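Any read-out appearing in this document is the output of simple, stated calculations on the displayed coordinates, not a laboratory observation. Nothing here was measured: the structure is a model prediction, and the numbers come from that model. Every residue, glycine among them, receives a Cβ derived from its backbone with ideal geometry; neighbour counts consider all protein chains shown.
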């Protein structure tokens, strides 16, 4: 049974993360949204050929759009291939869009994509309401990360087995 679960994980499409977003922003709230894609875009994402590094989301006439998300053209596609950096519509409930609109209108908030993944065969994107970090906040995060890493190394090396 465990072998079957491991096999499914290996065949599962990769999740694409925006690691830099968590370093650059304080994430206050996250929303899981569907994303409108064309056929060859889905195949490229399943192959792991996408990037969220320069992407951001914005509201336009009551709809949420994702801009600058790069999806490499599908290598086996024909002239029906998609545009790499086109704007893509995000699918959210009206209540969630109203909440996002309320927060974005406040000073300092932005909507940042955090992770692109597949759930139940559908492409989903995790977007977060974010507030920018100051330089000293980033330094504190780096310090905490280094301290955790050192503790893990010491704990890992301190185990001794008495036989």
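In region 122-130, the condition of being out of contact with any helix residue (DSSP H, G or I) (no Cβ under 7 Å at 6 or more places or on another chain), surrounded by fewer than 17 Cβ atoms within 10 Å (Cβ to Cβ) and closer than 18 Å to residue 39 by Cβ is met by at least one residue.
Suppose the filter is free of Cβ contacts under 8 Å to residues at least 40 places away in the same chain, surrounded by 12 or more Cβ atoms within 10 Å (Cβ to Cβ), part of a loop (DSSP other than H, G, I, E, B) and within 15 Å of the chain's Cα centre (by Cα); does residue 84 pass it?
Working: free of Cβ contacts under 8 Å to residues at least 40 places away in the same chain: yes; surrounded by 12 or more Cβ atoms within 10 Å (Cβ to Cβ): yes; part of a loop (DSSP other than H, G, I, E, B): yes; within 15 Å of the chain's Cα centre (by Cα): no.
Judged against the criteria, residue 84 is not a match.
Tell me, yes or no, whether region 34-43 has at least one residue that is touching a helix residue (DSSP H, G or I) at 6+ places or on another chain (Cβ under 8 Å), surrounded by 14 or more Cβ atoms within 10 Å (Cβ to Cβ), in contact (Cβ under 8 Å) with a residue 60 or more places away in the chain and under 26 Å from residue 130 (Cβ atoms). The answer is yes, given that some residue of region 34-43 is touching a helix residue (DSSP H, G or I) at 6+ places or on another chain (Cβ under 8 Å), surrounded by 14 or more Cβ atoms within 10 Å (Cβ to Cβ), in contact (Cβ under 8 Å) with a residue 60 or more places away in the chain and under 26 Å from residue 130 (Cβ atoms). Summed over region 72-93, the residues that are over 21 Å from residue 112 (Cα atoms) and in contact with a strand residue (DSSP E or B) (Cβ under 6 Å, 6 or more places away or on another chain) give a count of 0. Annotation: of all residues in region 100-115 being assigned to a helix (DSSP H, G or I) and touching a residue at least 12 places away in the same chain (Cβ under 8 Å), the one that is farthest from residue 43 (Cα to Cα) is 103. Just so you know, in region 65-81 the residues that are closer than 21 Å to residue 20 by Cβ and in contact with a helix residue (DSSP H, G or I) (Cβ under 6 Å, 6 or more places away or on another chain) include one that is surrounded by the fewest Cβ atoms within 10 Å (Cβ to Cβ), and it is 72.
Residue under question is residue 141, and the condition is that it be in contact (Cβ under 8 Å) with a residue 24 or more places away in the chain, assigned to a helix (DSSP H, G or I) and touching a strand residue (DSSP E or B) at 6+ places or on another chain (Cβ under 7 Å); does it hold? Explain how you work it out, then say what you get.
Values: in contact (Cβ under 8 Å) with a residue 24 or more places away in the chain: yes; assigned to a helix (DSSP H, G or I): yes; touching a strand residue (DSSP E or B) at 6+ places or on another chain (Cβ under 7 Å): no.
The answer is no for residue 141.
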